[in-house]
Amino acid sequence: MQLHELVNTIGQDLQRRYGEKVHKLTLHGGFSCPNRDGTIGRGGCTFCNVASFADEQTQIKSIQEQLTDRAGEIHRAKKYLAYFQAYTSTYAEVQVLKSMYEQALQSAEIVGLCVGTRPDCVPDSVLELLSSYVQQGYEVWLELGLQTANNKTLKQINRGHDFECYAQITQRARSLGIKVCTHLIVGLPKETKEDNLDTLEQVLKVGTDGIKLHGLHVVEGSTMAKAWKAGKLEAPTLEGYVDIASAMIRRTPPDVVYHRVSSAARRPTLLSPLWCENRWLAMTEIGRALNRDGAQGSLLEQPFIYRKPTLNGEIESIN
(Lines give C-alpha, C1' and ligand atoms only; values in the text may rest on other atoms or scores of the structure.)
Protein backbone atom coordinates (compact mmCIF):
# COMPACT_ATOMS: atom_id res chain seq x y z
CA MET A 1 0.00 0.00 0.00
CA GLN A 2 1.03 3.59 -0.57
CA LEU A 3 2.00 5.91 2.30
CA HIS A 4 -1.36 7.71 2.42
CA GLU A 5 -3.06 4.34 2.83
CA LEU A 6 -0.90 3.62 5.88
CA VAL A 7 -0.88 7.04 7.53
CA ASN A 8 -3.66 9.55 8.19
CA THR A 9 -2.10 12.35 6.12
CA ILE A 10 -3.27 15.94 5.98
CA GLY A 11 -3.93 15.59 2.25
CA GLN A 12 -6.27 12.64 2.76
CA ASP A 13 -7.90 14.24 5.79
CA LEU A 14 -8.69 17.44 3.90
CA GLN A 15 -9.95 15.61 0.82
CA ARG A 16 -12.30 13.48 2.91
CA ARG A 17 -13.77 16.54 4.61
CA TYR A 18 -13.86 18.96 1.67
CA GLY A 19 -14.58 16.48 -1.10
CA GLU A 20 -11.62 17.72 -3.16
CA LYS A 21 -7.90 18.38 -2.90
CA VAL A 22 -6.83 21.22 -0.60
CA HIS A 23 -3.22 22.42 -0.64
CA LYS A 24 -1.19 24.64 1.67
CA LEU A 25 0.22 27.82 0.17
CA THR A 26 3.29 28.92 2.11
CA LEU A 27 3.54 32.61 2.99
CA HIS A 28 6.22 34.85 4.50
CA GLY A 29 4.80 37.58 6.71
CA GLY A 30 8.12 39.27 7.39
CA PHE A 31 7.97 38.21 11.04
CA SER A 32 10.98 38.09 13.35
CA CYS A 33 11.63 35.74 16.26
CA PRO A 34 11.96 36.59 19.98
CA ASN A 35 14.78 34.08 20.22
CA ARG A 36 16.78 36.15 17.74
CA ASP A 37 15.97 39.77 18.55
CA GLY A 38 16.91 39.60 22.24
CA THR A 39 13.40 39.40 23.73
CA ILE A 40 14.06 35.82 24.84
CA GLY A 41 17.55 35.25 23.48
CA ARG A 42 19.91 35.88 20.61
CA GLY A 43 21.21 33.61 17.89
CA GLY A 44 18.05 31.54 17.69
CA CYS A 45 17.71 27.80 18.14
CA THR A 46 20.96 25.98 17.46
CA PHE A 47 19.49 24.15 14.45
CA CYS A 48 17.90 27.18 12.81
CA ASN A 49 18.66 29.09 9.67
CA VAL A 50 15.35 30.20 8.19
CA ALA A 51 16.90 30.50 4.72
CA SER A 52 16.87 26.71 4.55
CA PHE A 53 13.09 26.64 4.25
CA ALA A 54 11.95 30.16 3.34
CA ASP A 55 12.53 32.28 0.27
CA GLU A 56 13.81 35.53 1.75
CA GLN A 57 12.73 37.45 -1.36
CA THR A 58 9.12 36.48 -0.75
CA GLN A 59 8.74 38.76 2.26
CA ILE A 60 8.89 41.90 0.08
CA LYS A 61 5.69 40.86 -1.71
CA SER A 62 2.17 41.40 -0.41
CA ILE A 63 0.14 38.51 0.96
CA GLN A 64 -2.10 38.57 -2.10
CA GLU A 65 0.89 38.53 -4.46
CA GLN A 66 2.38 35.58 -2.61
CA LEU A 67 -0.92 33.68 -2.73
CA THR A 68 -1.20 34.27 -6.46
CA ASP A 69 2.37 33.10 -7.03
CA ARG A 70 1.93 29.97 -4.91
CA ALA A 71 -1.44 29.05 -6.40
CA GLY A 72 0.08 29.36 -9.88
CA GLU A 73 2.60 26.66 -8.93
CA ILE A 74 -0.13 24.16 -8.02
CA HIS A 75 -2.42 22.75 -10.70
CA ARG A 76 -4.13 19.94 -8.81
CA ALA A 77 -6.21 21.96 -6.34
CA LYS A 78 -8.74 24.77 -6.32
CA LYS A 79 -8.97 25.23 -2.55
CA TYR A 80 -6.12 26.24 -0.27
CA LEU A 81 -4.94 26.83 3.26
CA ALA A 82 -2.86 29.98 3.74
CA TYR A 83 0.24 28.80 5.63
CA PHE A 84 2.19 31.48 7.49
CA GLN A 85 5.38 29.46 7.82
CA ALA A 86 8.60 31.41 8.28
CA TYR A 87 9.89 32.49 11.68
CA THR A 88 7.25 33.19 14.37
CA SER A 89 3.98 34.03 12.64
CA THR A 90 2.18 35.28 15.77
CA TYR A 91 5.02 37.61 16.82
CA ALA A 92 3.39 41.00 16.21
CA GLU A 93 0.62 43.20 17.60
CA VAL A 94 -2.72 41.48 17.27
CA GLN A 95 -4.08 44.17 14.91
CA VAL A 96 -1.13 43.60 12.59
CA LEU A 97 -1.80 39.88 12.64
CA LYS A 98 -5.52 40.43 12.06
CA SER A 99 -4.80 42.55 8.98
CA MET A 100 -2.37 40.01 7.56
CA TYR A 101 -4.52 36.95 8.23
CA GLU A 102 -7.60 38.60 6.78
CA GLN A 103 -5.75 39.61 3.63
CA ALA A 104 -5.20 35.91 3.10
CA LEU A 105 -8.83 35.03 3.86
CA GLN A 106 -10.19 37.51 1.28
CA SER A 107 -9.86 34.96 -1.49
CA ALA A 108 -12.82 32.60 -1.94
CA GLU A 109 -10.36 29.78 -2.66
CA ILE A 110 -8.79 30.07 0.83
CA VAL A 111 -10.64 27.80 3.27
CA GLY A 112 -8.47 28.47 6.29
CA LEU A 113 -5.18 29.30 7.96
CA CYS A 114 -2.13 27.43 9.19
CA VAL A 115 -0.03 29.56 11.52
CA GLY A 116 3.48 28.44 12.45
CA THR A 117 4.80 29.76 15.74
CA ARG A 118 6.45 29.08 19.10
CA PRO A 119 4.52 27.96 22.20
CA ASP A 120 5.68 31.04 24.11
CA CYS A 121 4.42 33.51 21.49
CA VAL A 122 0.68 32.86 21.50
CA PRO A 123 -1.04 35.24 23.95
CA ASP A 124 -4.76 35.02 24.68
CA SER A 125 -5.49 37.88 22.26
CA VAL A 126 -4.04 35.82 19.39
CA LEU A 127 -5.93 32.71 20.46
CA GLU A 128 -9.16 34.72 20.54
CA LEU A 129 -8.43 36.06 17.04
CA LEU A 130 -7.78 32.59 15.64
CA SER A 131 -10.84 31.24 17.44
CA SER A 132 -12.98 33.92 15.77
CA TYR A 133 -12.01 32.48 12.37
CA VAL A 134 -12.98 28.99 13.57
CA GLN A 135 -16.38 30.39 14.56
CA GLN A 136 -16.73 31.81 11.04
CA GLY A 137 -16.27 28.33 9.62
CA TYR A 138 -12.61 28.50 8.59
CA GLU A 139 -10.13 25.68 9.05
CA VAL A 140 -7.50 26.90 11.53
CA TRP A 141 -4.31 25.05 12.47
CA LEU A 142 -1.88 26.39 15.05
CA GLU A 143 1.46 24.79 14.19
CA LEU A 144 3.60 24.74 17.33
CA GLY A 145 7.32 24.13 17.17
CA LEU A 146 7.96 21.90 20.16
CA GLN A 147 10.74 19.69 18.67
CA THR A 148 11.12 17.56 21.85
CA ALA A 149 9.44 17.08 25.21
CA ASN A 150 12.83 16.71 26.89
CA ASN A 151 13.48 19.93 28.81
CA LYS A 152 17.21 19.21 29.01
CA THR A 153 17.39 19.00 25.21
CA LEU A 154 15.23 22.11 24.81
CA LYS A 155 17.73 24.04 26.91
CA GLN A 156 20.69 22.58 25.03
CA ILE A 157 19.32 23.65 21.65
CA ASN A 158 18.56 27.13 23.01
CA ARG A 159 14.86 26.77 22.38
CA GLY A 160 13.86 29.32 25.03
CA HIS A 161 10.79 27.53 26.41
CA ASP A 162 10.00 24.29 28.19
CA PHE A 163 7.52 21.47 27.59
CA GLU A 164 5.13 22.83 30.19
CA CYS A 165 4.76 26.02 28.14
CA TYR A 166 3.82 23.94 25.10
CA ALA A 167 1.32 21.87 27.10
CA GLN A 168 -0.45 24.95 28.45
CA ILE A 169 -0.87 26.70 25.10
CA THR A 170 -1.95 23.48 23.38
CA GLN A 171 -4.70 22.86 25.91
CA ARG A 172 -5.90 26.49 25.70
CA ALA A 173 -5.93 26.48 21.90
CA ARG A 174 -7.80 23.20 21.59
CA SER A 175 -10.37 24.33 24.16
CA LEU A 176 -11.21 27.18 21.75
CA GLY A 177 -11.65 24.84 18.79
CA ILE A 178 -8.26 25.62 17.25
CA LYS A 179 -6.50 22.56 15.85
CA VAL A 180 -2.91 22.05 16.96
CA CYS A 181 -0.16 20.51 14.83
CA THR A 182 2.96 19.63 16.84
CA HIS A 183 6.36 19.87 15.15
CA LEU A 184 8.91 17.28 16.31
CA ILE A 185 12.56 16.76 15.31
CA VAL A 186 14.13 13.30 15.12
CA GLY A 187 17.91 13.23 15.52
CA LEU A 188 18.54 16.03 18.02
CA PRO A 189 21.94 15.80 19.76
CA LYS A 190 22.18 13.04 22.38
CA GLU A 191 18.55 11.97 21.89
CA THR A 192 17.81 8.28 21.36
CA LYS A 193 14.90 6.39 19.88
CA GLU A 194 13.53 6.02 23.40
CA ASP A 195 13.66 9.82 23.82
CA ASN A 196 11.65 10.29 20.62
CA LEU A 197 9.06 7.75 21.68
CA ASP A 198 8.81 9.40 25.10
CA THR A 199 8.27 12.78 23.40
CA LEU A 200 5.45 11.27 21.34
CA GLU A 201 3.89 9.79 24.47
CA GLN A 202 4.01 13.14 26.29
CA VAL A 203 2.51 14.98 23.31
CA LEU A 204 -0.32 12.46 23.02
CA LYS A 205 -1.05 12.73 26.74
CA VAL A 206 -1.49 16.49 26.41
CA GLY A 207 -3.54 16.00 23.26
CA THR A 208 -2.85 17.12 19.70
CA ASP A 209 -4.68 17.08 16.38
CA GLY A 210 -1.67 16.75 14.11
CA ILE A 211 2.03 15.96 14.03
CA LYS A 212 4.77 17.09 11.70
CA LEU A 213 8.00 15.08 11.77
CA HIS A 214 11.35 16.55 10.72
CA GLY A 215 14.72 14.89 10.48
CA LEU A 216 17.47 17.03 11.96
CA HIS A 217 19.09 19.16 9.24
CA VAL A 218 22.51 20.68 9.72
CA VAL A 219 22.30 23.93 7.78
CA GLU A 220 24.81 26.63 6.98
CA GLY A 221 24.60 29.59 9.32
CA SER A 222 23.34 27.59 12.31
CA THR A 223 25.16 26.96 15.59
CA MET A 224 24.98 23.24 14.89
CA ALA A 225 26.86 23.77 11.64
CA LYS A 226 29.94 24.77 13.63
CA ALA A 227 29.74 21.58 15.71
CA TRP A 228 29.22 19.46 12.59
CA LYS A 229 32.21 21.01 10.83
CA ALA A 230 34.32 20.33 13.92
CA GLY A 231 33.29 16.67 13.87
CA LYS A 232 31.32 16.98 17.12
CA LEU A 233 27.85 16.32 15.67
CA GLU A 234 26.40 13.62 13.45
CA ALA A 235 23.17 14.03 11.53
CA PRO A 236 20.73 11.10 11.48
CA THR A 237 21.19 8.39 8.88
CA LEU A 238 18.32 7.57 6.56
CA GLU A 239 18.00 4.12 8.12
CA GLY A 240 17.97 5.54 11.64
CA TYR A 241 15.41 8.19 10.79
CA VAL A 242 13.08 5.72 9.09
CA ASP A 243 13.28 3.33 12.04
CA ILE A 244 12.34 6.02 14.56
CA ALA A 245 9.73 7.80 12.43
CA SER A 246 7.89 4.59 11.53
CA ALA A 247 7.95 3.48 15.18
CA MET A 248 6.38 6.80 16.19
CA ILE A 249 3.71 6.50 13.51
CA ARG A 250 2.78 2.99 14.61
CA ARG A 251 2.25 4.36 18.14
CA THR A 252 0.06 7.27 17.00
CA PRO A 253 -3.75 7.06 17.28
CA PRO A 254 -5.48 6.99 13.88
CA ASP A 255 -7.38 10.25 14.43
CA VAL A 256 -4.13 12.27 14.70
CA VAL A 257 -3.27 13.77 11.31
CA TYR A 258 0.30 13.65 10.00
CA HIS A 259 1.11 16.89 8.18
CA ARG A 260 4.54 15.57 7.27
CA VAL A 261 6.55 12.43 7.96
CA SER A 262 9.85 13.78 6.67
CA SER A 263 11.31 17.07 5.52
CA ALA A 264 13.74 18.35 2.93
CA ALA A 265 16.29 21.11 2.48
CA ARG A 266 18.48 22.15 -0.39
CA ARG A 267 22.16 22.81 -0.95
CA PRO A 268 24.21 24.91 -0.51
CA THR A 269 22.34 25.73 2.73
CA LEU A 270 22.02 22.03 3.60
CA LEU A 271 25.26 20.54 4.93
CA SER A 272 24.04 17.19 6.26
CA PRO A 273 22.45 14.69 5.86
CA LEU A 274 22.40 14.84 2.07
CA TRP A 275 19.59 12.31 1.81
CA CYS A 276 17.31 15.16 2.91
CA GLU A 277 17.71 16.74 -0.52
CA ASN A 278 15.31 14.17 -1.96
CA ARG A 279 11.97 14.73 -0.19
CA TRP A 280 10.58 11.43 -1.47
CA LEU A 281 13.41 9.19 -0.31
CA ALA A 282 12.49 9.03 3.39
CA MET A 283 8.77 8.93 2.57
CA THR A 284 9.28 5.90 0.34
CA GLU A 285 11.35 4.09 2.97
CA ILE A 286 8.85 4.90 5.72
CA GLY A 287 6.11 3.48 3.50
CA ARG A 288 8.08 0.27 3.11
CA ALA A 289 8.63 0.01 6.86
CA LEU A 290 4.94 0.53 7.59
CA ASN A 291 3.94 -2.00 4.96
CA ARG A 292 6.23 -4.49 6.66
CA ASP A 293 5.58 -3.71 10.33
CA GLY A 294 2.11 -2.15 10.45
CA ALA A 295 0.30 1.10 9.67
CA GLN A 296 -0.41 4.12 11.87
CA GLY A 297 -1.77 2.99 15.22
CA SER A 298 -0.96 -0.68 14.59
CA LEU A 299 0.56 -0.93 18.06
CA LEU A 300 -2.69 0.46 19.52
CA GLU A 301 -6.16 -1.05 19.76
CA GLN A 302 -7.55 0.89 16.77
CA PRO A 303 -5.12 1.11 13.84
CA PHE A 304 -5.63 3.52 10.95
CA ILE A 305 -7.99 2.29 8.23
CA TYR A 306 -7.62 3.91 4.83
CA ARG A 307 -10.90 5.31 3.53
CA LYS A 308 -10.84 6.10 -0.17
CA PRO A 309 -12.96 9.07 -1.33
CA THR A 310 -15.39 8.01 -4.06
CA LEU A 311 -16.52 10.10 -7.00
CA ASN A 312 -19.71 11.23 -5.21
CA GLY A 313 -17.76 12.41 -2.18
CA GLU A 314 -18.69 9.49 0.04
CA ILE A 315 -16.10 7.40 1.84
CA GLU A 316 -15.23 3.86 0.90
CA SER A 317 -13.33 1.78 3.47
CA ILE A 318 -10.45 -0.40 2.35
CA ASN A 319 -9.42 -3.11 4.78
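The values are calculated or read from the model by the stated rules, or taken from the named source; none is laboratory data. None of the values given here were measured: they were computed from a predicted structure. As a convention, Cβ positions derive from the backbone with ideal geometry for all residues, glycine included, and neighbour counts pool all protein chains shown. Ligands, DNA and RNA are stripped out before the accessible areas are found, and what is left, the full protein with its side chains, is counted by its heavy atoms. Shrake-Rupley method; radii C 1.70, N 1.55, O 1.52, S 1.80 Å.
As a quick test, which of the pairs Lys155/Lys229; Lys152/Lys212; Lys79/Lys205; Lys21/Lys212 have an alpha carbon distance above 26 angstrom in this structure?
Checking Cα-Cα distances, Lys79/Lys205 exceed 26 Å.
With a cap of 16 neighbouring Cβ atoms within 10 Å, and only residues DSSP puts in a loop, list the trypsin sites (Lys or Arg not before Pro) found in region 193-290.
Passing sites in region 193-290 are Lys232, Arg251, Arg266.
Over the Cα atoms of region 214-261, what Rg and Dmax result, in angstrom?
14.2, 43
For region 169-249, just say rounded, prolate or oblate: build the C-alpha gyration tensor, square-root its eigenvalues into a ≥ b ≥ c, call rounded for a/c under 1.5, and beyond that prolate if a/b exceeds b/c, oblate if not.
prolate
Normalising by the residue count of region 102-173, find the relative contact order in percent from Cα pairs under 8 Å and 6+ residues apart.
33
Only Cα pairs under 8 Å and at least 6 apart count here; give the relative contact order of region 176-236 as a rounded whole percent.
Once divided by the residue count of region 176-236, the mean separation gives 43 percent.
Averaged per residue, what accessible area in Å² does region 98-145 show with a 1.4 Å probe, protein chains only?
34
If you roll a 1.4 Å probe over region 100-159 with all protein chains in place, what percent of the accessible area is carbon or sulfur?
Summing carbon and sulfur atoms, their accessible area is 44 percent of the total for region 100-159.
Identify the GluC sites (Glu not before Pro) of region 66-155 meeting these criteria: DSSP loop state and at most 15 other C-beta atoms within 10 Å of the C-beta.
The qualifying sites are Glu93, Glu109.
Under 17 Å from a label point 7 Å along Cα→Cβ of Asp162: give me every residue in region 99-127 with its amide N that close.
119-121
Taking a cut-off of 18 Å between Cα atoms, list the aspartates and glutamates near Lys61, but don't count ones fewer than 8 places away on the same chain.
Of all the aspartates and glutamates, those that pass the test against Lys61 - Cα under 18 Å, at least 8 places apart if same chain - are Asp69, Glu73, Glu102.
How much of Met283 can a 1.4 Å solvent probe reach, expressed as accessible area in Å² and rounded to 10?
50
Applying the Karplus parametrisation 6.51 cos²θ - 1.76 cosθ + 1.60 with θ = phi - 60° to the phi angles of region 173-186, what ³J(HN,Hα) value in whole Hz is obtained for each residue in order, glycine and proline being reported as x?
Per residue, the Karplus-derived 3J(HN,Hα) values read 4, 5, 5, 9, x, 7, 7, 10, 10, 9, 8, 10, 10, 9 Hz.
For region 174-210, run through the GluC sites (Glu not before Pro) and keep only the ones in DSSP coil with at most 15 other Cβ atoms within 10 Å of their Cβ.
Answer in residue order: no site qualifies.
Between Arg251 and Glu73, what FRET efficiency comes out of the Förster formula 1/(1 + (r/R0)^6) with R0 = 41 Å and r the beta carbon distance, rounded to 0.05?
The formula returns an efficiency of 0.70 here.
For region 150-166, take each phi angle, set θ = phi - 60°, evaluate the Karplus expression 6.51 cos²θ - 1.76 cosθ + 1.60, and give the result in whole Hz per residue in order, putting x for glycine and proline.
7, 5, 5, 5, 4, 5, 5, 8, 6, 5, x, 8, 10, 5, 4, 4, 4
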